[in-house]
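What follows is one structure encoded as structure tokens, with my remarks underneath.
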Amino acid sequence: MAKSRKILLAGESWASAATHYKGFDQFSSVTFHLGAEPLVAALKGSAFNLRYMPAHEAQEAFPQSLEALSAYDAVMLSDIGANTLLLHPDTWLRSKRTPNRLKLLKSYVEAGGGLMMVGGYLSFQGINGAARYHGTAVEEVLPVEIHPYDDRVEVPEGFTPAIRKKGHPILEGFTGRWPQLLGFNEVVPKPEAEVLATVSAEYGGKPLLVAGRHGKGRTLAWTSDIGPHWLPPEFVAWKGYARLWTQSLVWLCGDR
């Protein structure tokens with residue numbers, strides 16, 4: 001792919017607060033984490049110009065107009081709940097009207113943009129249903145239906161992905177077994193969608209990678225993680241890791 005493509009990845013950051021007790025005394029600490037470093041490394045030097053917008057930045061910095069969103073060839077949402085996109089600080093703190101960025105994403109796809117949702121605790125419907133994409137404009141354009149409840153499936157023993165459509169451009173060049181994954185979000189493929197890969201039969205052969213189209217655009221759902229914890233280090237180290245994301249983005253941008 002000769003043409004450079006601009007990709008927006010929103011999400012994949014979090015802060016953790018802990019309280020430490022040592023006898024009579026206690027103290028607190030806060031740590032900050034980024035979860036997309038494996039993808040950033042995999043795309044380094046490729047034809048993809050990745051804008052990595054951590055979740056705490058996306059609340060304010062995620063585009064608020066179709067024109068601004070259209071500067072990107074594809075958008076990836078990973079571990080970022082719907083509230084972060086719905087509640088711009090002007091609305092949350094100042095009670096001002098702001099654009100509905102979930103509806104903007106729908107318009108973006110209809111106009112020819114690519115949209116991918118990557119699984120996680122705050123993807124699809126997420127932990128305790130907190131991601132809240134069920135019934136939204138984003139669900140309308142994704143190739144899967146989202147359950148209205150906590151959709152996580154934890155697989156601590158690991159499962160091996162099953163390839164269903166080897167001839168699809170996203171899956172070209174893959175041989176042998178894929179490394180195991182440790183969990184996924186359970187979704188239902190839409191009738192017109194293409195299920196490219198599933199989880200193991202032991203877990204019902206649920207969708208893992210699903211491709212679809214909406215309006216002039218293309219959409220993808222990858223129901224496991226982009227990196228740890230559902231996607232373990234051996235998957236990141238696998239030579240197919242970079243190929244999976246690169247070929248997914250090539251297809252998502254309409255280049256195949």
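The values are calculated or read from the model by the stated rules, or taken from the named source; none is laboratory data. Computed from a predicted model, the values in this text were never measured in an experiment. Reconstructed Cβ throughout: ideal geometry from the backbone, glycine too, with neighbour counts over all protein chains shown. We work out accessible area using only protein heavy atoms, side chains counted, and drop any ligands, DNA or RNA first. Shrake-Rupley method; radii C 1.70, N 1.55, O 1.52, S 1.80 Å.
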Pairs returned, first residue in the stretch 22-50 that is free of Cβ contacts under 8 Å to residues at least 40 places away in the same chain, second residue that is of a type in the set (F, W, Y), beta-carbon separation under 7 angstrom, 6 or more apart or interchain, are H33/W14; V40/Y52
Within the stretch 1-28, residues small (G, A, S) and within 30 Å of L105 (Cα to Cα) come out as A2, S4, A10, G11, S13, A15, S16
Quick count over the stretch 215-245, residues being open to solvent by less than 40 Å² (accessible area, probe 1.4 Å), farther than 17 Å from T198 by Cβ and at pLDDT 95 or above, is 8
From the option list E157, E140, single residue qualifying as outside any helix (DSSP H, G or I) and either in contact with a Pro (Cβ under 9 Å, 6 or more places away or on another chain) or open to solvent by 40 Å² or more (accessible area, probe 1.4 Å) (or both) is E157
Among L208, L182, the single one that is more than 23 Å from A82 (Cβ to Cβ) and either touching a residue at least 12 places away in the same chain (Cβ under 8 Å) or over 16 Å from the mean Cα position of the chain (by Cα) (or both) is L182
The residue that is most open to solvent (accessible area, probe 1.4 Å), considering only those in the stretch 1-21 that are charged (D, E, K, R) and not in a strand (DSSP E or B), is K3
If we ask which residues in the stretch 107-131 are under 16 Å from the mean Cα position of the chain (by Cα), touching a residue at least 60 places away in the same chain (Cβ under 8 Å) and part of a helix (DSSP H, G or I), their number turns out to be 1
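Within the stretch 22-53, can you find the residues that are farther than 20 Å from L252 by Cα and in a helix (DSSP H, G or I)?
Matches in the stretch 22-53: E37 only.
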- So is R94 open to solvent by 60 Å² or more (accessible area, probe 1.4 Å) and within 23 Å of V236 (Cα to Cα) or not? no
query = Quick check, is L208 touching a His at 6+ places or on another chain (Cβ under 9 Å), over 22 Å from A111 (Cβ atoms) and open to solvent by less than 10 Å² (accessible area, probe 1.4 Å)?
reply = no
When restricted to H168, H134, the only residue surrounded by 14 or more Cβ atoms within 10 Å (Cβ to Cβ) and free of Cβ contacts under 8 Å to residues at least 24 places away in the same chain is H134
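Might you let me know whether the stretch 226-236 holds any residue that is over 12 Å from L181 (Cα atoms) and of a type in the set (A, V, I, L, M, F, W, C)?
No, because not a single residue in the stretch 226-236 is over 12 Å from L181 (Cα atoms) and of a type in the set (A, V, I, L, M, F, W, C).
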Reported set for the stretch 173-219 where residues are part of a loop (DSSP other than H, G, I, E, B), under 22 Å from A237 (Cα atoms) and out of contact with any Asp or Glu (no Cβ under 6 Å at 6 or more places or on another chain) is G173, F174, T175, G176, R177, W178, Q180, V199, S200
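Say we look at the stretch 143-154 and pick out the residues that are in a loop (DSSP other than H, G, I, E, B) and either out of contact with any Lys or Arg (no Cβ under 8 Å at 6 or more places or on another chain) or among the basic types (K, R) (or both); which of these is most open to solvent (accessible area, probe 1.4 Å)?
First, pick out the residues of the stretch 143-154 that are in a loop (DSSP other than H, G, I, E, B): 143, 147-151.
Of the ones still in play, those that are also either out of contact with any Lys or Arg (no Cβ under 8 Å at 6 or more places or on another chain) or among the basic types (K, R) (or both) are 147-151.
Working: H147: 29, P148: 83, Y149: 116, D150: 50, D151: 3 Å².
Within the stretch 143-154, the match that is most open to solvent (accessible area, probe 1.4 Å) is Y149.
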Sole miss for L77 among (1) of a type outside the set (G, A, S); (2) in contact (Cβ under 8 Å) with a residue 60 or more places away in the chain; (3) part of a helix (DSSP H, G or I) is condition (3)
